[in-house]
Amino acid sequence: MKKFKRVLVANRGEIAIRVFRACHELGIRTVAIYSREDQNSLFRTKADESYLIGQNKGPIDAYLDIDEIVRIAVKKGVDAIHPGYGFLAENPEFAKKCQDAGIEFIGPTPEMMIAVGDKIKSKIVAVAAGVPVIPGVEKPIATDEEAVSFAKQAGYPVILKASAGGGGRGMRIVRDERALLGEYRMAKNEAKKAFGNDDIFIEKYLEAPKHIEVQLLGDKHGNIVHLYERDCSIQRRHQKVIEFTPALSISTAQREAICGDAIKIAASVNYRGAGTAEFLVDKSGKHYFIEMNPRIQVEHTVSEMVTGIDIVQSQILVAEGYALDSDEIGIKKQSDIEARGYAIQCRVTTEDPKNDFMPDTGKIDVYRTGSGFGVRLDGGNGFTGAVITPYYDSLLVKCTTWSRTFEDAIRKSIRAVKEIKISGVKTNTDFLINVLNHPTFKAGQCDTNFIAENKSLTD
Ligand code: ADP
């Protein structure tokens, strides 16, 4: 076992704070890095030490400078780096360079990341493990004809996805052959500009599916467990807005099958650390694997609330070498993991729902939040006097509630979100409350088209 004394978080905002908290509870000293634009951000003050990076790089590139981050980590005597989500979290080169510098990367090995980190490769791994995937091509499309011939064989609609896309970006739905060629060219151009990589692939588009994903946790000794599923169907432009667990729209048998398939995929690559296997469930109830995220996810909180397992602490302990069944982690076997009650996470963002969810910026004059029994807040950069800049994602605070019943968890969420009073920047709180009050949400039956089809949610 290699006990960490100092951990650096190669990230910012709420996830940096989340990891610092886990470290402090484990008695580990924390190191933050921050860009010039983040000079006055809250997360910096939550770490024991913080260092400016990427002075001439710009707000995003500062957090992407592998060599500089590793250099600082070495200089400051850091034992391990936690990558959070986004930025370098799924970059095998970063994991490798940490390893080469003698620093533990808190996550899977570079090889595992390469095996499952890419959407196409992870589908190949899933097929080999006997898990159903959405019909699609096995490599990026090379010519127009290839796209047309795939769509002919699979049937319309199809979806074009940029290999390098993520966070719901770089996807186009195509409903007939006439649209396909134009959309394909546009997707390629757009991907080149946005991601510097114009590889596009194509798969069958499922109409109004549910997005169900499974939280996984593996150690360095070959043990893998799942922490059940999350329903992340409430999305806007393929981006998650509200997540909850357990999913109400699937049966016990479906839950067991989906969680079992997630384990099959993870086991086939001997996966370690925290990860998520994402699935879509179609109207007939069939599930298909779509991708694996080899990192912590924004919505991990809901799984923590129902299982009582601290996923971020577990990531750190696994990286230190502890087995899942050690006293430190305390997961003796899969059947010990019980999901109790219901948890819902709302992503409170600085977006204006009345103006097509445009991110808003400026100084926060008033910042008040709700708390109380069963309410958990994971804050990013919210405080009175904080300046919200246009450089980063608009997540302000995650409001997660827990209760014995789904109805009560909804009531708690509504109460807690209503207590969040922010002025100076616009937020989506009214919109979140409208979703929480909607009968389809209350029945746990929203599909991924729910927000697009209910325009009155922004009223
Ligand atoms: P990203 O990595 O950008 O988040 P994902 O592949 O995880 O992209 O997909 C995000 C969302 O896009 C899914 O939850 C779903 O709503 C939608 N989506 C992706 N692929 C399909 C598909 N083949 N059919 C229908 N919806 C899809």
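The values are calculated or read from the model by the stated rules, or taken from the named source; none is laboratory data. Computed from a prediction, not measured in an experiment: that's the story for all the values here. When we count neighbours, we look across all protein chains shown, and the Cβ atoms used for this are built from the backbone with ideal geometry, even at glycine.
Quick one: Gln99 ticks every box in (1) touching a helix residue (DSSP H, G or I) at 6+ places or on another chain (Cβ under 8 Å); (2) outside any strand (DSSP E or B); (3) in contact (Cβ under 8 Å) with a residue 12 or more places away in the chain bar one, so which box is it?
(3)
Return the residue satisfying two criteria in turn: it lies in region 45-79 and is basic (Lys, Arg) and not in a loop (DSSP other than H, G, I, E, B), and of such residues it is nearest to the chain's Cα centre (by Cα).
Taking region 45-79 as the starting set, the residues that turn out to be basic (Lys, Arg) are 46, 57, 71, 75-76.
Next, only the ones that are not in a loop (DSSP other than H, G, I, E, B) stay: 71, 75.
Numbers: Arg71: 27, Lys75: 30 Å.
Per the stated criteria, the residue is Arg71.
In this structure, is Gly285 in a loop (DSSP other than H, G, I, E, B), farther than 30 Å from Gly102 by Cα and either within 16 Å of the ligand (Cβ to nearest atom) or modelled with pLDDT of 95 or more (or both)?
Criteria met by Gly285.
Given the conditions (1) under 22 Å from Ala274 (Cα atoms); (2) part of a loop (DSSP other than H, G, I, E, B), and given that Glu14 satisfies all but one, which numbered condition is not satisfied?
Evaluating Glu14 over (1) under 22 Å from Ala274 (Cα atoms); (2) part of a loop (DSSP other than H, G, I, E, B) leaves (2) as the failure.
Quick check, is Gly130 surrounded by fewer than 17 Cβ atoms within 10 Å (Cβ to Cβ), closer than 30 Å to Glu68 by Cβ and not hydroxyl-bearing (Ser, Thr, Tyr)?
no
Pairs under 8 Å by beta carbon, first residue farther than 16 Å from Gln445 by Cα in region 202-219, partner near the ligand (Cβ under 9 Å from one of its atoms) and of a type in the set (Gly, Ala, Ser), six or more apart or different chains?
Pairs that qualify, where the first residue is farther than 16 Å from Gln445 by Cα and the partner is near the ligand (Cβ under 9 Å from one of its atoms) and of a type in the set (Gly, Ala, Ser), are Ile202/Gly136; Glu203/Gly136; Lys204/Gly136.
Working carefully through the options Asp219, Asp261, Asp231, Asp199, find the one that is crowded, with 17+ Cβ neighbours inside 10 Å, modelled with pLDDT under 95 and either of a type in the set (Asp, Glu) or within 21 Å of Ser335 (Cβ to Cβ) (or both). Break it down stepwise before answering.
On the way: Asp219 fails: modelled with pLDDT under 95; Asp261 fails: modelled with pLDDT under 95; Asp231 fails: modelled with pLDDT under 95.
None of the others qualify; the one that does is Asp199.
Taking region 257-282 on its own, how many of its residues are within 15 Å of the ligand (Cβ to nearest atom), within 18 Å of the chain's Cα centre (by Cα) and not in a helix (DSSP H, G or I)?
The number of residues fulfilling the criteria is 6.
Do we find that Gly182 is more than 16 Å from the ligand (Cβ to nearest atom) and touching a residue at least 60 places away in the same chain (Cβ under 8 Å) in this structure?
For Gly182, the condition - more than 16 Å from the ligand (Cβ to nearest atom) and touching a residue at least 60 places away in the same chain (Cβ under 8 Å) - is not met.
Conditions first: (1) within 15 Å of the ligand (Cβ to nearest atom); (2) part of a strand (DSSP E or B); (3) not hydroxyl-bearing (Ser, Thr, Tyr). Ala343 passes all but one, so which condition is the exception?
Every listed condition holds for Ala343 apart from (1).
Which one of the conditions (1) surrounded by fewer than 24 Cβ atoms within 10 Å (Cβ to Cβ); (2) under 30 Å from Thr458 (Cα atoms); (3) small (Gly, Ala, Ser) does Ser303 fail to meet, given that it meets all the rest?
With respect to (1) surrounded by fewer than 24 Cβ atoms within 10 Å (Cβ to Cβ); (2) under 30 Å from Thr458 (Cα atoms); (3) small (Gly, Ala, Ser), Ser303 is out only on (1).
Scan Glu453, Glu407 and give me the residue that is among the acidic types (Asp, Glu), surrounded by fewer than 17 Cβ atoms within 10 Å (Cβ to Cβ) and farther than 14 Å from Phe244 by Cα. Walk me through how you get there before you give the answer.
On the way: Glu407 fails: farther than 14 Å from Phe244 by Cα.
Among Glu453, Glu407, only Glu453 is among the acidic types (Asp, Glu), surrounded by fewer than 17 Cβ atoms within 10 Å (Cβ to Cβ) and farther than 14 Å from Phe244 by Cα.
Counting only residues that are touching a strand residue (DSSP E or B) at 6+ places or on another chain (Cβ under 6 Å) and more than 15 Å from His287 (Cβ to Cβ), how many does region 123-140 have?
3
Give the residues of region 367-388 that are among the hydroxyl-bearing types (Ser, Thr, Tyr) and assigned to a loop (DSSP other than H, G, I, E, B), sorted by residue number.
Answer for region 367-388, where residues must be among the hydroxyl-bearing types (Ser, Thr, Tyr) and assigned to a loop (DSSP other than H, G, I, E, B): Thr369, Ser371, Thr384.
For region 181-255, please list each of the strands (runs of 3 or more DSSP E) lying entirely inside it that holds at least 2 residues being within 27 Å of Val348 (Cα to Cα).
210-218, 224-236, 239-245
Can you name the residue in region 234-254 that is surrounded by fewer than 22 Cβ atoms within 10 Å (Cβ to Cβ) and among the hydroxyl-bearing types (Ser, Thr, Tyr) and, of all such residues, is nearest to the ligand (Cβ to nearest atom)?
Ser249
Tell me which residues, restricted to region 369-417, are among the basic types (Lys, Arg) and in contact with a strand residue (DSSP E or B) (Cβ under 7 Å, 6 or more places away or on another chain).
Matches in region 369-417: Arg376, Lys398, Lys412.
Which of the residues spanning region 288-319 are of a type in the set (Val, Ile, Thr), part of a loop (DSSP other than H, G, I, E, B) and within 16 Å of the ligand (Cβ to nearest atom)?
Result: Ile296, Val298.
Kindly establish whether Glu328 is of a type outside the set (Phe, Trp, Tyr), free of Cβ contacts under 8 Å to residues at least 12 places away in the same chain and closer than 23 Å to Pro83 by Cβ.
So Glu328 fits the description; yes.
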